[in-house]
Amino acid sequence: MTKTVATTWGAVSARRLERQFLAKSARTGTPVAEVAGAMLGAHAQVLSAAELSLGLRADGATRADVRAALWPAGAPGAPPSLVKTHGPRGTVHLLPARDLAMWCGALPAVPSGAASADPGVRLDEARAEQVVAAIAEALDGAFLTVDELGEEVVARTGPWAGDLVMPAFQTMWPRWRQVLHRAGQCGALSFGPNRGRKVTYTRPPHFTPLPPEEALRLLVRRYLHAYGPATPQHFARWLAAPTGWARALYDGLAAAGEIEEVRFEGAPAWVVAGDTVFPDGAGRDDLLRGVRLLPYFDAYVIAAQPRELLFPGAAYRRALAGGQAGNFPVLLVDGVVAGVWHQRRRGRLTTVTVEPLGRLTARQERELSARVERVGEVLEARAELVVGEVGVGAHA
């Protein structure tokens with residue numbers, strides 16, 4: 001019988017940091033889409049946070065590189081290498097265009113929770129599919145604001161799609177907007193460049209989604225490569241999916257020999273079959289060592305588990321909002337959260353306030369200064385460092 005591999009938090013963290021381009025940045029010239037693929041997408045509800053997530057992982061990259069990948073300014077019709085759309089958990093992400101076949105095959109197959117809207121508000125399945133098809137047709141080759149898109153959807157479906165039935169931000173939204181994220185997850189919609197202060201939508205390059213079962217199997221393997229070892233519960237939490245469904249998915253992959261069990265800090269967890277080599281000794285320490293800054297909702301702090309080991313001691317209380325990761329930008333020291341930070345832009349100057357939870361060594365202070373300077377480079381600004389209390393709340 002083959003002996004089960006045992007590993008530790010330090011070894012796992014070192015491997016994750018290396019695979020996330022956090023132990024060593026991607027070489028100059030590496031496409032930002034390649035970095036986004038390694039992360040399994042960059043959370044982009046706030047675009048500047050996604051720009052930092054990618055730029056801080058790639059030597060020389062700036063927000064201009066991210067925007068050029070999203071909306072190429074070269075030859076007319078040039079396809080994007082990055083797509084801003086609704087990804088895991090229904091939230092806005094930057095995803096590599098080449099990965100859309102996987103994402104748009106897998107995400108629609110993830111079971112959703114119980115519907116919360118009143119039956120008189122909800123779209124039934126037939127009408128939801130009709131709206132998604134109308135969105136795809138309206139956005140093909142076009143860039144439309146949400147109001148313009150709404151007019152096109154109503155014209156292609158019927159007045160019922162425009163009924164103002166959804167309470168939202170002290171107003172009412174039309175019925176069709178409840179499937180906006182679904183349209184993104186199945187490839188009918190993505191974000192275009194802003195038109196002034198208004199968001200626009202377009203349709204991503206045409207592709208054929210993978211069959212759902214194949215897409216889900218690939219997604220689990222990609223997730224475990226980036227963030228494993230991980231349990232079905234970890235995967236379910238990352239994807240906002242039912243735990244029982246995730247457990248059955250893992251069971252099927254294990255039975256097929258595609259994933260295997262290891263012991264992670266004494267408990268069972270899973271990796272891609274054969275992916276059981278972890279750094280140790282000086283190699284592990286070199287990968288872990290260092291000071292890093294990660295922005296709001298960075299993929300690493302969202303996906304890396306167990307969360308109590310990533311956020312040890314005081315960090316769990318200071319850097320998590322009710323146990324939810326991502327609401328504060330975080331300072332990593334030697335692979336664990338050791339503080340929070342915030343940046344405030346005024347013209348060409350961005351002031352980065354860092355609140356360490358412990359005393360930094362002289363070497364770590366020098367590293368922190370360099371990291372703050374790099375934040376400024378990514379955002380195309382001059383950055384100044386202030387070490388002190390971060391006075392703003394979560395997700396400020």
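We did not get these values from a lab; they are worked out from the coordinates using the rules stated. What you are looking at is a predicted structure, and each value in this text was computed from that prediction instead of being measured. Cβ atoms come from the backbone with ideal geometry, glycine included; neighbour counts cover every protein chain shown.
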Net dipole in debye of segment 194-299 [+1 Lys, Arg Cβ; -1 Asp, Glu Cβ; about Cα centre; nearest 20]: 900 debye
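Roughly speaking, what % of Cα-Cα pairs in segment 112-210 are separated by over 20 Å, rounded to a whole number?
Tail of the P(r) past 20 Å holds 37 percent of the pairs.
Cα-based Rg of the chain per 2.2 N^0.38 Å, rounded to two decimals? Spell out each step's value before the answer.
Values: Rg = 21.7 Å, N = 396, 2.2 N^0.38 = 21.4 Å.
Compactness ratio reported: 1.02.
Among THR202, THR276, THR208, what is the fewest-to-most ranking by other Cβ atoms within 10 Å? Show your work: numbers first, answer last.
Values: THR202 21, THR276 15, THR208 10.
Result, fewest neighbours first: THR208, THR276, THR202.
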Cα-derived Rg to Rh of segment 216-303, Kirkwood definition: 1.01
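Given charges of +1 on the Cβ of Lys and Arg and -1 on the Cβ of Asp and Glu, with all other atoms neutral, how large is the dipole of the chain about its Cα centre, in debye to the nearest 20?
On the way: 44 positive and 39 negative charges, 178 e Å.
Dipole of the chain, to the nearest 20 debye: 860 debye.
Taking 2.2 N^0.38 Å as the expected size of a compact globular protein, what ratio does the Cα radius of gyration of segment 1-115 give against it, to two decimals?
Numbers: Rg = 16.6 Å, N = 115, 2.2 N^0.38 = 13.4 Å.
So the Cα radius of gyration is 1.25 times the expected 2.2 N^0.38 Å.
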Candidate lysines - alpha carbon under 29 Å from LYS84, same-chain residues fewer than 8 apart omitted: LYS24, LYS198
Mean Cβ count within 10 Å, highest first, over the residues of peptides 7-16, 367-376: 7-16, 367-376
Mean Cβ neighbour count within 10 Å, used as a protection proxy, ranking 132-141, 217-226, 279-288, 329-338 highest first: 329-338, 217-226, 132-141, 279-288
